[in-house]
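Quick notes on the structure that follows.
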Amino acid sequence: VEEEIRNLEQGFREELGSISTLEALGVLRIKYLGRKGKIAEYFQKLALVEPGQRPGMGKLLNILKETVASHLAEKEKNLSLTKAVSGTEAPDVSLPGISYAVGGKHILTQVIDEIAAIFYHLGFISADGPEVETEYYNFTALNIPAEHPAHDTFNTFYLDFRNKDRYLLRSQTSTVQIRVMEKYKPPLRIISPGKVYRPDATDAAHSFMFHQVEGFAVDEGVRFSDLKGTLFAFAQKFFGQDIKMRFRPHYFPFTEPSVEVDISCIICANRKPTTANRECSVCHGKGWLEILGAGMIHPNVLRTVGYDTRRYTGFAFGMGVERMAMLKYGIDDIRLFFENDLRFLNQF
Ligand code: DAH
């Protein structure tokens, strides 16, 4: 009989496993726990068992009854839950799943992150600055006085003509140099990515809003060779180990000496300018690509923030993020970054 009771439990478990509706569960409950159910049947059979074995058997049956009851309760709970959640009694596991579109970082964010990561490894940390600025931070403190012709090169959106220190949308991230240096003492190694604005007519190469990454370092004994080493290390990491770099003399009001920095064309790879690579869509046969402006921070700028120019020197640089991305990925129209066409964005 013990054997039979064990089989009874086994049978119950199998039947329970195949049940998927509350109705069927009700039928199963009656089959086992009902007044004329299987377990009741065995309790009646107890009378026929030898008196000495009755207590043991009775105990077994009571345990079985409890087990069955608790399994039924558990199953009932699960089935009710499934019904509540799906509106049907059991999920159809053969249905195709619902796929969710996974978002990604915009290509410009990816490029900014990559630039920041490279400079982070060179000891630079990131700083932020406001996009609405005053003339002081965008011009004056950067050694660009009001009557200076460079005012015109940094074409700027003005927000308020009445105030003496007019509000404007910053036209360069160099503003952050001043904001950081006002607040902190050297040594400093800072980069600052962000948006800048210039009232340019939109075309394949111009946008009224774009991104720059500014960088600068100030300490005792910072030299031009430190600038060269830093920028070369960066460009090799960003564009590839094989690039060459050249520094052309240039003019910026906030640096002296100033340079523009070129790398060898990453498409037609350092070939001498010949008619053969005049077709190169990236460098148009020049063999070189301008990637950024840089220089040694002008003593006037350091003095403006109260630094001792006999003790401290520094270098600074600024690059356009869209330009870096266009060169690296062969993108030929700046408008693609802002049109948010997923066929373009999904490629990155
Ligand atoms: N601010 C310059 C621009 O917008 C870029 C630049 C050039 C930044 C030289 C610098 C620098 O820090 O040293 O064209």
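The values are calculated or read from the model by the stated rules, or taken from the named source; none is laboratory data. Worth saying up front: this structure is predicted, and the values here are computed from it rather than measured. Here the Cβ positions follow ideal geometry from the backbone for every residue, glycine too, while neighbour counts run over all protein chains shown. Surface accessibility is based on the protein's heavy atoms, side chains included, excluding ligands, DNA and RNA. Shrake-Rupley method; radii C 1.70, N 1.55, O 1.52, S 1.80 Å.
Some points to look at:
- Only one entry of PRO193, PRO186 meets the criterion of being modelled with pLDDT of 95 or more, within 25 Å of GLY306 (Cα to Cα) and within 22 Å of the chain's Cα centre (by Cα), and that entry is PRO193.
- Taken together, the criteria exclude SER20 from residues that are open to solvent by 90 Å² or more (accessible area, probe 1.4 Å), modelled with pLDDT under 90 and either assigned to a loop (DSSP other than H, G, I, E, B) or acidic (Asp, Glu) (or both).
Yes or no, residue by residue, for (1) open to solvent by 30 Å² or more (accessible area, probe 1.4 Å); (2) within 16 Å of the ligand (Cβ to nearest atom); (3) closer than 26 Å to GLN110 by Cα; (4) part of a loop (DSSP other than H, G, I, E, B):
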residue	(1), (2), (3), (4)
LYS237	yes, no, yes, no
VAL282	yes, no, yes, yes
GLY285	no, no, no, yes
ILE291	no, yes, yes, no
ARG311	yes, no, no, yes
MET319	no, yes, yes, no
MET324	no, yes, yes, no
LYS328	yes, no, yes, no
ILE334	no, yes, yes, yes
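Yes/no per residue for (1) in contact (Cβ under 8 Å) with a residue 40 or more places away in the chain; (2) among the hydrophobic types (A, V, I, L, M, F, W, C); (3) loosely packed, with under 13 Cβ neighbours inside 10 Å; (4) not in a helix (DSSP H, G or I):
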{"position": "PRO55", "(1), (2), (3), (4)": "no, no, yes, no"}
{"position": "ILE63", "(1), (2), (3), (4)": "no, yes, yes, no"}
{"position": "THR67", "(1), (2), (3), (4)": "yes, no, no, no"}
{"position": "LEU72", "(1), (2), (3), (4)": "yes, yes, no, no"}
{"position": "LYS75", "(1), (2), (3), (4)": "yes, no, no, no"}
{"position": "SER94", "(1), (2), (3), (4)": "no, no, yes, yes"}
{"position": "SER99", "(1), (2), (3), (4)": "no, no, yes, yes"}
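- The single condition among (1) modelled with pLDDT of 95 or more; (2) more than 24 Å from ILE191 (Cβ to Cβ) that THR255 does not meet is (2).
- On inspection, SER225 fails the criterion of being free of Cβ contacts under 8 Å to residues at least 40 places away in the same chain, within 14 Å of the ligand (Cβ to nearest atom) and within 26 Å of HIS121 (Cα to Cα).
- Close pairs from segment 145-161: first away from the ligand (no atom under 16 Å from the Cβ) and at pLDDT 80 or above, partner of a type outside the set (A, V, I, L, M) and open to solvent by 30 Å² or more (accessible area, probe 1.4 Å), Cβ under 7 Å, at least 6 apart: TYR158/ARG166; LEU159/TYR167
- Selected residue (criterion: most open to solvent (accessible area, probe 1.4 Å)) from residues of segment 198-222 that are within 12 Å of the ligand (Cβ to nearest atom) and in contact with a Lys or Arg (Cβ under 7 Å, 6 or more places away or on another chain): HIS211
- Among (1) open to solvent by 20 Å² or more (accessible area, probe 1.4 Å); (2) touching a Leu at 6+ places or on another chain (Cβ under 9 Å); (3) closer than 22 Å to ASN143 by Cβ, the one test that GLN172 misses: (1)
- The set of residues in segment 299-309 being within 15 Å of the ligand (Cβ to nearest atom) and either at pLDDT below 95 or open to solvent by 40 Å² or more (accessible area, probe 1.4 Å) (or both) consists of PRO299, ASN300, THR304.
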